Amino acid sequence: MTDLLASLYPWIKAFHIMSVIAWMAALFYLPRLYVYHSEQVGLSGDTHVLFQTMEHKLLKVIMNPAMIATWVFGICLALIPGVVDWGAVWPWTKLIGILAMSGFHGWLSKQRRMFASGGSIMTGRQYRMMNEVPTVLMVLIVLSVVVKF
């Protein structure tokens, strides 16, 4: 199995990078939609329904599949002998960042359900602040992998 993964290394890495890009794009965009939804649209009317549709499709059609693909290709890369030195610090800081990013993904999903149910939502300012979370985590993850600190 590891021989097969090793022979496919460039392909797995390429698909991992593409899925990360798609996941990150969605993680950056969904909180921005929440800002506009909370500040400009509210929880009723035709525009509210339109925003719910956009948020739902972004989450279900792009973000969830991209996260799953990122995890699958990332695990495949980690299983290839010599790719990850588990005795170093960097794989653990990367893993912490990935788990936090996945948790943020889950939080965004919960927020979408709050909009859909008409429940308590946060302010636009709060969503703007939360929009910085994926950037901070991306910095941690990329520095962990590239600099290997």
Exercise. Please order Arg32, Arg112 by the number of other Cβ within 10 Å, starting at the fewest.
Key: Arg32, Arg112
Self-check item: Modelled FRET efficiency - R0 41 Å, Ala116 with Ile17, Cβ distances, 0.05 increments
Solution: 0.80
Exercise. Rank the residues Val146, Val84 as a footprinting-exposure proxy: fewest other Cβ atoms within 10 Å of their Cβ go first.
Key: Val146, Val84
Quiz prompt | the chain: Rg to Rh, with Rh as the Kirkwood radius over Cα pairs | solution = 1.06
Quiz item: Given only helices, namely DSSP H runs of n ≥ 4 each adding -39500 (n - 2.57), what is the per-residue ellipticity at 222 nm of the chain, to the nearest 500 deg cm²/dmol?
Solution: -24500 deg cm²/dmol
Quiz item: Normalised by the number of residues in region 2-146, what is the relative contact order in percent for Cα pairs under 8 Å and 6+ residues apart?
Solution: 38 percent
Quiz item: Under a straight-distance cross-link criterion of Cα-Cα below 20 Å, which lysines are reachable from Lys148, leaving out those fewer than 8 residues away in the same chain?
Solution: Lys13, Lys94
Quiz prompt | Using alpha-carbon coordinates, inclination of helix 90-117 to the longest axis of the chain, degrees | solution = 20 degrees
Quiz item: By how many degrees, 0 to 90 and rounded to 10, does the Cα axis of helix 9-36 deviate from the longest principal axis of the chain?
Solution: 20 degrees
Quiz prompt | Proxy reagent accessibility, fewest Cβ within 10 Å first, across Arg113, Arg128 | solution = Arg113, Arg128
Practice problem: Lys and Arg at +1, Asp and Glu at -1: add these up for the other residues within a Cβ distance under 14 Å of Lys94 and post the number. | Solution: 0
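Just so you know, all these numbers are worked out from the coordinates, no wet-lab data involved. These numbers come from a predicted model, not from an experiment. Cβ: placed from backbone, ideal geometry, glycine included. Neighbour counts: every protein chain shown.
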